[in-house]
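The values are calculated or read from the model by the stated rules, or taken from the named source; none is laboratory data. This is a predicted model, so every value here is computed, not measured. Please note: Cβ atoms are built from the backbone with ideal geometry, for glycine as well, and neighbour counts cover all protein chains shown. For the accessible areas, the whole protein counts, side chains as well, though only heavy atoms, and no ligand, DNA or RNA atoms are used. Shrake-Rupley method; radii C 1.70, N 1.55, O 1.52, S 1.80 Å.
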Amino acid sequence: MPWISAKSADKLVFGQVIKLEIGKVMRIESFKGDRWVEITKIREDSFNVVESGFKKKTYENVSEKDLKNLLKRIFDEEFPRSHQLRVSIHSS
């Protein structure tokens, strides 16, 4: 899944992150690569989220329930004018 539409990115990413293996990292970045978000699955229902762009912030032990709202807010703030986002998955 190299490129996805920014309009539906929060829903697509949430669906894929839930299916990730523990210890895997999903990275979503802008076209230029200067802004990105990394989501690491640390337990079955817990995630770490690193935001690097307009804001530089780390969220630890985010529950699955809170992750959906957090992703929506981060994507709206970090990728306001983006049309396409690059997605990659790797080990931590």
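Annotation note: of Asp45, Asp66, Asp34, Asp10, the sole residue that is of a type outside the set (A, V, I, L, M) and within 11 Å of the chain's Cα centre (by Cα) is Asp10.
Among the residues of region 62-83, are any in contact (Cβ under 8 Å) with a residue 12 or more places away in the chain, in a strand (DSSP E or B) and either open to solvent by 80 Å² or more (accessible area, probe 1.4 Å) or in contact with a Lys or Arg (Cβ under 6 Å, 6 or more places away or on another chain) (or both)? No, region 62-83 contains no residue that is in contact (Cβ under 8 Å) with a residue 12 or more places away in the chain, in a strand (DSSP E or B) and either open to solvent by 80 Å² or more (accessible area, probe 1.4 Å) or in contact with a Lys or Arg (Cβ under 6 Å, 6 or more places away or on another chain) (or both). The residues of region 1-34 that are of a type in the set (D, E, K, R) and over 15 Å from Thr58 (Cβ atoms), listed by number, are Lys7, Asp10, Lys11, Lys19, Glu21, Lys24, Glu29, Lys32, Asp34.
A count restricted to region 1-32 and to residues that are basic (Lys, Arg) and open to solvent by 80 Å² or more (accessible area, probe 1.4 Å) stands at 4. The set of residues in region 50-61 that are surrounded by fewer than 17 Cβ atoms within 10 Å (Cβ to Cβ) and in contact (Cβ under 8 Å) with a residue 24 or more places away in the chain comprises Gly53, Phe54.
Of all the numbered requirements in (1) open to solvent by 40 Å² or more (accessible area, probe 1.4 Å); (2) of a type in the set (A, V, I, L, M); (3) modelled with pLDDT of 95 or more, Ile39 misses one, and that requirement is (1).
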